[in-house]
Structures are given as structure tokens and as C-alpha cells.
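So the structure is just underneath, and the comments pick up after that.
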Amino acid sequence: MSISVRHVSKRFGDFVALDDVSLEVPAGSLLALLGPSGSGKTTLLRIISGLETADEGTVRYHEQDVTNAAVRDRNVGFVFQHYALFRHMTVYDNVAFGLRVRRRSRAEIQRRVRELLRLVQLESLERSYPSQLSGGQRQRIALARALAAEPRVLLLDEPFGALDAKVRQELRQWLRRLHDELHVTSVFVTHDQEEAFEVADRVVVMNEGRIEQDGTPAEIFEHPANPFVMDFLGNVNVFQGHVQRGRAQLGSLEVEAPEYPEAELRPATAFIRSHELEVLRTKNGRPSLEARVMHVNPARPVVKVRVYSEAFGVALTVDVSWDRYADLLLQPGDLVYVAPRQVRLFVQPGAAI
Amino acid sequence: MRRLLVGAALTVVGLLVVVPLANVFAQALADGPIAWWHRIAHDPDTLHAIRLTLTVAPIAVVLNVLFGLAAAWAIARFRFPGRTLMTALIDLPFTVSPVVVGLLLILLFGRSGYLGPWLQAHDVKIIFALPGLVLATCFVTFPVVARELIPLLEAIGSEEETAAVSLGARGWQVFRLVTLPSITWGLVYGVILCNARAMGEFGAVAVVSGRITGRTDTVPLRVEKLFQDYDMPGAFTLASVLALLALVTLAVKTAAELKTRRELAAAKRPAATH
């Protein structure tokens, strides 16, 4: 069942939560709404579910206009960040809830609940209460409960937000596998770009009530549409400078910028990802910055090195592979040269100096 | 210092609560339990007072549960104009003297009250009759259930209810299957407290009842009347019935309070971390 959101706007008093948002979710896909808090991603999810109503615009499931349909008539599965399990009901009763309120037969309920508990691998906990479960188990029960009445779409609001790192990692992969098995059209909200990129078929980046970019994880990572997306994806160093005649001047660093051949001098923001910087002991002829090593964090899978460029007045983060780190033997205080392999430039539209 | 404070508190509680209460029972049972029983069972006016109290209090409790649930639900779940005013008004009966409440009802429903002529024309008796007693008792006790439930509902939050709606439940199903089970003990506590106050109410009821022996006297009114008539054994006997009722209420209340606190603690416990 595809989902189609057209020109949806929503205000809360003076705050514009969504500003003319349109979005297509293809049937059977798993889509992530990614953005910082306050970007409108949860509001959009709640409007898709019917828990919130749009001020303007329409929501369709396949061809059916559900804009004014109540949540209970939309047949959606909704998974809440804090699970929202019924605390006075057993796991079995929680999962059975959606079927009971729809007055399904006892035999059918029993068959379906068992099936779902098998699916989320928690059959043995049928008689337990939510308070007796771990966070990860609770979220799996919440998912089973949402799936019980065979929803047309599955909506998840920061489903792993409240879990610790290891469980979160496991559940992500598990959700992906589950989706590959069930193929129910799913939308989940997250502020964690790693999570969005790992789990989703498509990622929609949101900011201040608008969609900044919509694409596959690879498209977004390789071709960020604008400075916001670039910055939000993280692990990036930001420089201010300007472009002119196919070259960009970023402080003492000068790089090629063939996409800006104009003679006009224009301010630009440059983004260099930390894995796109190279640390050198000596200059090798390529454009580079002189910098001093401040801090070395030998994390996995790469060593994170913080360097400070005095001439430029900026601190940079550089990812160094373990092999390279073994060659360089960097120590805090060492003087090094930092050379960018790739620079992404964004010129403010229409702004000349 | 600590010992002094504890001692002082115990002395006050002992002098003001324990000794008088013990005295009530001692006086009531001074000439044995058979005489005690005889004074209750063979005085038709006393029996009638007990029956009347056992009629008025349950009606008031039922009405207050309905009102309390509705008011608490509205205040805890919705933001509407007049919400703050309503929250303040719910407390009004606690701050107004019960006698004023009684007078207010007389002013409204009494023979020369605003609605009096109309009521008389339609042969409806409120003042000096059961409806008046129920109204006065309701008014005096109506904050009890609502006040008990508002903080509980607020602490529980609406997330489970939202989840129920998303799963296809209708309003009544949400209430019956999700909300009610999580506030059960809070409600029980409210009911018991409400019942205790309803049975013991004196001031407002005294004004609207007209104090007709054998017709509109409730237990507290009857106690006072017996006392006025210098029937000390009778007064103490009936007072001991009321006190006994209070002790039972106290016991149930303590149990319910414990469970309510658990409900509240369960509601406040962050569900996320484990």
C-alpha cells in the first residue's frame, strides 16, 4: 500500500511544524524520516497515521483519501518511542488488543498472537508483564502488537531511541530483516543518520518543517543537496571562503572548483568529510594546511585525529586508517600537513561580494 | 530533638484521637454488648437513621464517581477554555462551610426559594426529603474522587490511550480496557474517602433535612439528637457505630492508598530505561 502526502502544512500556534510537505512512499518500501528535533518529522508521521490532522493538504493510502479518516479506521500499525505497552496486560493480551477490539474470534486471536510472538522470537514471554521485560523485548512486543491486525502501513516513531547502543544495533538489523520478510509499507522517524542509512530503502531529510532532500542512502551520502544535509550527516569539517574563476580560496588553502567558472567573487561554504582528509608528515605538492595534532582518539574502525590549523584558526577532525596511523605514529603536538581529497562547495545563491 | 517531636506528635494524636475514640467505645459498651445491640435494634428512629444513611451515601458515591471520572478525565486529558477555573471550582466544596452549602440549597429549592414554587406546583419534594439530603451530600463530597484521579491520570499520561486508539479501539473501549484498569485503586481510594465523608456529613445535611425524627435524620443527626435529649448511652451507641464504620473505612483506605501509590509509582517510573 503506497502512501502519498500532498502539500501538507501544520501549525501549532505560531510554530510552523510542517510547511507544504509532499512525499511519496512506494508500496512495500521502508522509508526513514531523518532530521533534528523540531524538524517536523514526528508531526509528519503522526499526520500519516491520523493521530494528528493536517491544517492543509491530503494524505492518501494507495488511491484512498484518508485525510479526514480517524486513526482507528485507517488500520495502521504505530510503534511508539517509549513502547506505550499496556502495563496491566500480559504480553499475550497486549498483542491481542488490536484483534479483540475488532471482535475477532478467540481461535483466530490465539493463532495470530502465537504467530506474531514467534515472529518477534518472544513466545516464551506470553504470560509476562511489560515491566518484566528488557527495553529491546518491550519494543519487539510493541512491534508485534502493531502488526497484529495486519495494518496497511507500519509507522515507527524513533523506535530505537530509548535503547542502549548494542540493543539498538541488533534491533535495527532485525527490523530490516523483518521488513524484507513482510514487505509492509513502513515509515520510521529517527534523528540518527547512521540508523536511517543502515535500515531504510529511502531517506527523507527534514529541517524546519520542510523536506531538504529525498533519495536513497547512497544518493544522499554522495550528493548532499545543500549545506544543511551535508552538515547534518555529520563527520564533516566546515570552512568559509569564496569562489572565483573555477578556484576556491579557503583561507590559505586553494582548491579547484570547476563548477564555478564565473569571474564574480562569491562567498562559499566548503565541507570536507573527516575521511576525505589526509594527514602527511611532509608537503607533497597538493594543496594542504599546516596543522598541529591536538588529540588522538584510537577508536574503531578508524583513528580520529583532532588537529588545529593556526593560520586558519580552525580545529579539524581527520579519520586515519589504522595502517596509516601505524606509519605516522602521530603524537599530540606534532606538526603535520592536512590535504583534502575531496571538497564539497556550496555557494550562497545570488550573493556576491 | 527528634524524640521530643515524636513524643509531642504522639501525645497530640493520643489526646485528640485515640482517647476520645476509645471513650466512645467504652461508653457505648459500658453495660455490655447485649444492651448495646438492644439500643440499636429496638429503637425504630435509630434504625431508620441507619437505613437513611445507607441510602444517601451510596447514591452520593455513585454520582460522585460518575462526576469525578468525567471531570478528572476532562482536566487531565484536554486543554479547553475554563479548564483552570474548573480545576479551582472542584475544590470549592472543601473551602465553603457545609452550613453555607445547606443554606444555598434551601435558597434554591426551598418553599420560598427560586425554584420552590415550580417544584411545589409539580409536587417535587427536595428540601426536607431524600433528594435534598443526596444533593447536600454530593455537593460536600464531590471533590474527593476527582482530586484523587487527576494526578493519577496526569502521571499515567495519554500514551497508552493513544496506542489503544491507533490499534483501532473506540472511546469506550479505550476507557474500559486501558484507562480504568490503570486507575482502579485510585478510584477505590476515592470511593472509600467519598463514602466516609458522605456518611459522616453533618452541617449541610442538618440544614436541608429539617431534622425530622424517623424521617430525615441520618446517623450523625440522630447522634446529636440523642445527645441533646440526654440519652447518653443511646448517643454513644450510635456514635460507636459511626466510629466503627470509620475504622473499617480507614483500614480499606490504607490498603487502597498503598495500591494507589504503587499505581502512581508505576506510572512515574520511566518506561524506557532498563
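Okay, here's what the table says:
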| quantity | calculated |
| --- | --- |
| Verdict on A:Ser131 being more than 30 Å from A:Glu212 (Cα to Cα) and either at the interface with another protein chain (Cβ under 10 Å from one of its Cβ atoms) or touching a Pro at 6+ places or on another chain (Cβ under 8 Å) (or both) | yes |
| Counted residues, the range A:292-310 - those being in contact with a Lys or Arg (Cβ under 9 Å, 6 or more places away or on another chain), part of a strand (DSSP E or B) and open to solvent by 30 Å² or more (accessible area, probe 1.4 Å) | 4 |
| Sole residue being in contact with a helix residue (DSSP H, G or I) (Cβ under 6 Å, 6 or more places away or on another chain) and either closer than 24 Å to A:Glu52 by Cβ or assigned to a loop (DSSP other than H, G, I, E, B) (or both), chosen from A:Phe160, A:Phe197 | A:Phe160 |
| Residues located in the range A:247-291, provided they are in a strand (DSSP E or B), exposed (fewer than 15 other Cβ atoms within 10 Å of the Cβ) and touching a residue at least 24 places away in the same chain (Cβ under 8 Å) | A:Glu254, A:Pro267, A:Leu280 |
| Any hit, the range B:263-274, residues being in a helix (DSSP H, G or I), buried (at least 17 other Cβ atoms within 10 Å of the Cβ), among the acidic types (Asp, Glu) and modelled with pLDDT under 90 | yes |
| Filtered residues of the range B:111-139 (kept if in a helix (DSSP H, G or I) and open to solvent by 90 Å² or more (accessible area, probe 1.4 Å)) | B:Trp118, B:Gln120 |
| Which numbered condition B:Ala155 fails, given (1) buried (at least 19 other Cβ atoms within 10 Å of the Cβ); (2) within 30 Å of A:Phe78 (Cβ to Cβ) | (1) |
| Residue list for the range A:36-87, filter: under 20 Å from the mean Cα position of the chain (by Cα), away from chain B (no Cβ under 14 Å) and open to solvent by less than 40 Å² (accessible area, probe 1.4 Å) | A:Pro36, A:Ser39, A:Gly40, A:Lys41, A:Thr43, A:Leu44 |
| Residues satisfying the stated conditions in the range A:207-233, i.e. part of a helix (DSSP H, G or I) and open to solvent by 20 Å² or more (accessible area, probe 1.4 Å) | A:Pro217, A:Ala218, A:Glu219, A:Phe221, A:Glu222, A:Pro227, A:Phe228, A:Asp231, A:Phe232 |
| One residue from A:Leu175, A:Leu99 being crowded, with 19+ Cβ neighbours inside 10 Å, within 13 Å of chain B (Cβ to nearest Cβ) and of a type in the set (A, V, I, L, M) | A:Leu99 |
| Filter pass, A:Ser124 being assigned to a helix (DSSP H, G or I), hydroxyl-bearing (Ser, Thr, Tyr), within 11 Å of chain B (Cβ to nearest Cβ) and surrounded by fewer than 18 Cβ atoms within 10 Å (Cβ to Cβ) | no |
| Condition check for B:Ile150: modelled with pLDDT under 90, of a type in the set (A, V, I, L, M, F, W, C) and either out of contact with any Leu (no Cβ under 6 Å at 6 or more places or on another chain) or open to solvent by less than 40 Å² (accessible area, probe 1.4 Å) (or both) | no |
| Candidates A:Phe188, A:Phe160, filtered to the one that is among the aromatic types (Phe, Trp, Tyr), modelled with pLDDT of 90 or more and touching a strand residue (DSSP E or B) at 6+ places or on another chain (Cβ under 9 Å) | A:Phe188 |
| Complete set of residues in the range B:146-163 that are outside any loop (DSSP other than H, G, I, E, B), among the small types (Gly, Ala, Ser) and more than 7 Å from every other protein chain (Cβ to nearest Cβ) | B:Ala146, B:Ala155 |
| Selected residue [more than 24 Å from A:Glu194 (Cβ to Cβ) and within 24 Å of the chain's Cα centre (by Cα)] from A:Ala107, A:Ala144 | A:Ala144 |
| Verdict on A:Val318 being open to solvent by less than 40 Å² (accessible area, probe 1.4 Å), farther than 22 Å from A:Phe221 by Cα and in a strand (DSSP E or B) | no |
| Cross-chain or 6+ apart pairs with Cβ under 7 Å, the range B:214-242 first and on the phi > 0 side of the Ramachandran plot, then surrounded by fewer than 20 Cβ atoms within 10 Å (Cβ to Cβ) and not β-branched (Val, Ile, Thr) | B:Gly214/B:Pro44; B:Gly214/B:Asp45; B:Gly214/B:His48 |
| Among the candidates A:Val236, A:Val204, residue that is buried (at least 16 other Cβ atoms within 10 Å of the Cβ), over 30 Å from A:Glu150 (Cβ atoms) and among the β-branched types (Val, Ile, Thr) | A:Val236 |
| Scan of the range B:216-230 for residues that are closer than 16 Å to B:Ala28 by Cβ and either crowded, with 16+ Cβ neighbours inside 10 Å or touching a Ser or Thr at 6+ places or on another chain (Cβ under 7 Å) (or both), ordered by number | B:Val219, B:Pro220, B:Arg222, B:Val223, B:Glu224, B:Leu226 |
| Answer residue from the range A:127-157, given it is in a loop (DSSP other than H, G, I, E, B) and within 28 Å of A:Tyr61 (Cβ to Cβ) and is most open to solvent (accessible area, probe 1.4 Å) among those | A:Glu150 |
| Criterion violated by B:Glu160 - all others in (1) at pLDDT below 90; (2) open to solvent by less than 20 Å² (accessible area, probe 1.4 Å); (3) charged (D, E, K, R) satisfied | (1) |
| Exclusive hit being among the small types (Gly, Ala, Ser) and more than 22 Å from A:Val205 (Cα to Cα), set A:Ala69, A:Ala27, A:Ala17, A:Ala32 | A:Ala69 |
| Residue in the range B:77-88 that is in contact with a Leu (Cβ under 9 Å, 6 or more places away or on another chain) and in contact (Cβ under 8 Å) with a residue 12 or more places away in the chain present | yes |
| Matching residues, the range B:55-97, being open to solvent by 70 Å² or more (accessible area, probe 1.4 Å), closer than 24 Å to B:Thr249 by Cα and at pLDDT below 90 | B:Phe94, B:Thr95 |
| Among (1) in a helix (DSSP H, G or I); (2) closer than 20 Å to A:Val184 by Cβ; (3) open to solvent by less than 20 Å² (accessible area, probe 1.4 Å), the one test that A:Arg112 misses | (3) |
| Selection within the range B:166-209 - open to solvent by 20 Å² or more (accessible area, probe 1.4 Å) and within 14 Å of chain A (Cβ to nearest Cβ) | B:Arg170, B:Gly171, B:Trp172, B:Phe175, B:Arg176, B:Leu177, B:Leu180, B:Pro181, B:Thr184, B:Trp185, B:Leu187 |
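This table checks each residue for (1) over 16 Å from A:Arg6 (Cα atoms); (2) modelled with pLDDT of 90 or more.
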site	(1), (2)
A:Leu31	yes, yes
A:Glu52	no, yes
A:Val71	yes, no
A:Val76	yes, yes
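The values are calculated or read from the model by the stated rules, or taken from the named source; none is laboratory data. All values reported here derive from a predicted model rather than from experimental measurement. For neighbour counting, all protein chains shown are included, and Cβ atoms are generated from backbone atoms with ideal geometry for every residue, glycine included. Side chains included, ligands, DNA and RNA excluded: accessible areas come from the protein's heavy atoms. Shrake-Rupley method; radii C 1.70, N 1.55, O 1.52, S 1.80 Å.
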